[in-house]
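Below: the structure, in structure tokens.
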């Protein structure tokens, strides 16, 4: 969180975050994503690379799924959260019918 604060001091046009939740305790991850959500709500543009797909899609407007460096799927966060393949492979569940 200190790194995010330091980055925001420069008033960037784009805040790029690479795996910000990596190695953090679940409670800290929740707090971190609340902060990311608040920043996005305050009109900050955020590019987030994150393996915690469920958490990232909860706070994203759009999402892109990469496989071996290529975009294989894209859409709104809501579309991706309802996509059968995304649910099965990235969200750890079965699609509801």
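The values are calculated or read from the model by the stated rules, or taken from the named source; none is laboratory data. Only a predicted model underlies this, so the values are computations on that prediction, with no experimental measurement involved. Heads up, the Cβs are rebuilt from the backbone with ideal geometry, glycines too, and the neighbour counts pull from every protein chain shown.
Number of residues in segment 32-48 that are surrounded by 12 or more Cβ atoms within 10 Å (Cβ to Cβ) and either at pLDDT 95 or above or part of a helix (DSSP H, G or I) (or both): the value is 9.
Taking the conditions (1) part of a helix (DSSP H, G or I); (2) more than 20 Å from residue 5 (Cβ to Cβ) in turn, residue 75 satisfies each one other than (1). Close Cβ contacts (under 6 Å, 6 or more residues apart or on different chains) running from residues in segment 54-71 that are within 22 Å of residue 44 (Cα to Cα) to residues that are surrounded by fewer than 18 Cβ atoms within 10 Å (Cβ to Cβ) and modelled with pLDDT under 90 comprise 54/91.
Out of curiosity, is residue 25 surrounded by 10 or more Cβ atoms within 10 Å (Cβ to Cβ) and either over 20 Å from residue 75 (Cβ atoms) or out of contact with any helix residue (DSSP H, G or I) (no Cβ under 7 Å at 6 or more places or on another chain) (or both)? When the stated conditions are applied, residue 25 does not pass them.
In segment 81-88 there is no residue matching the filter, namely being within 16 Å of the chain's Cα centre (by Cα), surrounded by 13 or more Cβ atoms within 10 Å (Cβ to Cβ) and outside any helix (DSSP H, G or I).
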